[in-house]
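As C-alpha cells, the structure follows; a few thoughts come after it.
No lab work stands behind these numbers, since they all come straight from the coordinates. Remember, it's a predicted structure, so these values are computed and weren't measured experimentally. In this analysis, Cβ positions are derived from the backbone assuming ideal geometry, glycine residues included, and neighbour counts consider all displayed protein chains.
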Amino acid sequence: MKSQSNKVQSACDVKVYSDKGSLALRFPLRHNALWEAMDGKSLKGKPKCYGIGKYGFSADSPDDWKRASAIAAQLESDLDHPEWDKLFDRTLAKYGLGGGKYAKLADIIQLPGTVQSLPELTVGAMWEEYLQWKKTTIEETTFKNRYYTLTNAINGKLWDKLSRTRKIADNPLSGIRLDAKTEINATTALISISAHNKLSSALSEAFEYAKSKGLLVNPTTENPFVLDKFSVPAITTQQKYADKVVNGETVAWHETEDENTLENDRRAFTKVERDIIIKAFYESDSKAILQVAPLVEFLFLTGCRPSEAVALTWRDVDFERGVVKITKSLGRIAFLRKMRYNNSSV
C-alpha cells in the first residue's frame, strides 16, 4: 500500500501527521499550558506533539488516518469547550489512547464537577499568536528586520560577540508563564540586546493582543511587561545637562563628558546646530555628500524618517497646497539599495 508520509490532516487545529511510519498529533500553541502542566516541563514555545503509533496507528493505513482525525477533532472539541475541565480526560483513555504515561493522572485528577485550574499561557505561546497578527499590520521587510532579533531573544538565542556564536539560555523567557511576573522580570533583565526597550514594548503589546482575543486562561492576569513610565530616574535630564563645577570653575556639561557619552547623547539638535549641519553638507567638497544634502535638509525640516523620504515620488507632492504626503516607507535592504544606486550615478 502506498505510504501517506506527506499527508497532513487539516480539518481542525489539532493536526494528524506522519512521523517515521506512525501517526502523531500536533496541538496548537493555545493548549501548551495544559500539556506543560501534565508533562511537568516547558515546551519552550513549541507545539505539543504526541505520537500514537504505540496504539496501532500506522501512516500506511487510510483507516488509521480517519480514526486519528476523529480523535483529533474530539480532543479539540473538548479542550476548546467552555467546560473543558469536565469534558477533557487527562488520562486520554476517553480517546482510545489510555494506558500510556498519562494513565497515572487518574489517581490525582479532581472529582467530576469540580473546577480544575488551567495554567496560564506561556510567553512563547503568547508571542507566536502575536506574530501571526503583527505580520499582517506592517511591511514584510520591517517585520523580518525587527521581530527576528526579538524572537531570538525571547527564545534565549543571543549572539555572543566574543565567541561569535549563538548562546542558548538554560531558562528562556518563552517557557515562563505570564502570571510568573517575578521570574519574567528576572529573566528579562538578563537579556542583553540593543533593542531592549523595543522588546519590552512589543511584549506588552503582545500581552494586550492576547487579552483582547481571549487567549489568556485567567482574565485577571496582569500585564507583566508594563514599564513604569512615570518613575523619576536616578539622574534627571535637567541634572544631566546642567553646568558643572570643575576645580572651582563652572563649565558646560559637554566639556566634562567623554567621547562615548557625547556620541550616545539622544537630545535633539538646536536650530543653530541644525543650520550648521545642513550648511556643512551643501559646502562639502565630496560629490556624494553634496548629493544627499537636500535629503538631510528635508529630513530636518519635516522630521520624517530616511526610509519614508526615499520612498517618496512626485505623486506624493501637492505643490498647490504645499503638502507632502508620507504614506509609505522602504525596508532597510531596499533603502540601502536605493541609496547605493543614487550615489553610483554621481
Discussion item. Which three numbers, in whole Å and largest first, are the semi-axes of the equivalent ellipsoid of segment 15-107 derived from its Cα gyration tensor as √(5λ)?
Written reply: 21, 15, 14
Worksheet item: How much net charge surrounds K48 when only the other residues with a Cβ under 9 Å from the Cβ of K48 are counted, with Lys and Arg +1 and Asp and Glu -1?
Response: 0
Fill in: Exceeding the 25 Å Cα-Cα cut-off - candidates K135/K213; K54/K213; K48/K211; K48/K134; K66/K135
K54/K213; K66/K135
Response to the item:
Taking W133, W314, W65, W35 and counting other beta carbon atoms within 10 angstrom, the fewest-first order is W314, W133, W35, W65
Worksheet entry | Fewest-first ranking of I71, I154, I326, I235, using other Cβ atoms within 10 Å as the exposure measure | I235, I326, I71, I154
Worksheet item: A311's amide H: which non-local residues (gap 5+, or another chain) put their own amide H closer than 5 Å, with H modeled 1.01 Å from N in plane and none for Pro or chain starts?
Response: L330
